[in-house]
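Everything on this sheet refers to the single structure shown next.
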Amino acid sequence: MLFFGAESFVSRLLSKNLKIKIYSIIILPVVLYECETWSLALREERKLKEFENMVLRGIFGPRRDEVTGEWRRLHDAELNDLYTSSNIVRVIKSRRMRWAGHVARMGEERGCIGSWCGNRREREHWGDLGVDGWIILGWISSSWDVGM
């Protein structure tokens with residue numbers, strides 16, 4: 001049985017490209033399972049960013065400072081430059097918006113909108129959509145004639 005722990009990211013036996021593929025193909029889907037239904041507080045967003053930065057620091061390793069010559073940890077901005085994919089919180093928010101579009105297109109005849117939204121007139125159980133979420137959901141609703 002293959003065990004892939006945190007020490008595997010630090011290992012020099014695997015290339016950085018392979019570590020990034022393992023992270024994006026194996027670890028991220030497990031972490032983001034059912035993220036479409038999450039209501040994230042700022043605390044959870046911060047913890048997810050910390051997790052992602054911890055993994056990326058293991059993948060990319062420390063850097064030698066050009067001025068002092070000492071080894072140092074990579075800063076968050078440097079990690080974002082090295083890792084070209086979207087950060088984990090953006091992925092969650094985009095998946096939530098995509099899921100909201102699917103639910104809105106299903107229409108009331110399938111009964112899905114009422115169970116997801118609760119009472120749409122009183123806007124109960126909408127969760128943390130934010131301003132952008134309401135704008136997008138309103139556009140979806142008017143485009144497909146779902147009615148909010």
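The values are calculated or read from the model by the stated rules, or taken from the named source; none is laboratory data. Quantities reported herein were computed from a predicted structural model and do not represent experimental measurements. Reconstructed Cβ throughout: ideal geometry from the backbone, glycine too, with neighbour counts over all protein chains shown. Accessible surface is based on the protein model in full, side chains and every heavy atom, while ligands, DNA and RNA are left aside. Shrake-Rupley method; radii C 1.70, N 1.55, O 1.52, S 1.80 Å.
Highest first, please rank the peptides 77-84, 54-61, 17-24, 65-72 by the mean number of other Cβ atoms sitting within 10 Å of their residues.
Descending packing order for the listed peptides: 54-61, 17-24, 77-84, 65-72.
Put a dot 7 Å past each Cα toward the Cβ at Leu18 and Arg63; how far apart are the dots in nm?
Inter-label distance under the simple model: 2.5 nm.
Would you list which lysines come within 23 Å of Lys93, measuring only between C-alpha atoms, while excluding same-chain residues fewer than 8 positions from it?
Lys93 reaches Lys21, Lys47, Lys49.
Roll a 1.4 angstrom probe over the protein heavy atoms and tell me the percent of accessible area of segment 1-94 that is carbon or sulfur. Walk me through the numbers before you get to the answer.
On the way: 3920 of 6820 Å².
The nonpolar share, carbon plus sulfur, comes to 57 percent.
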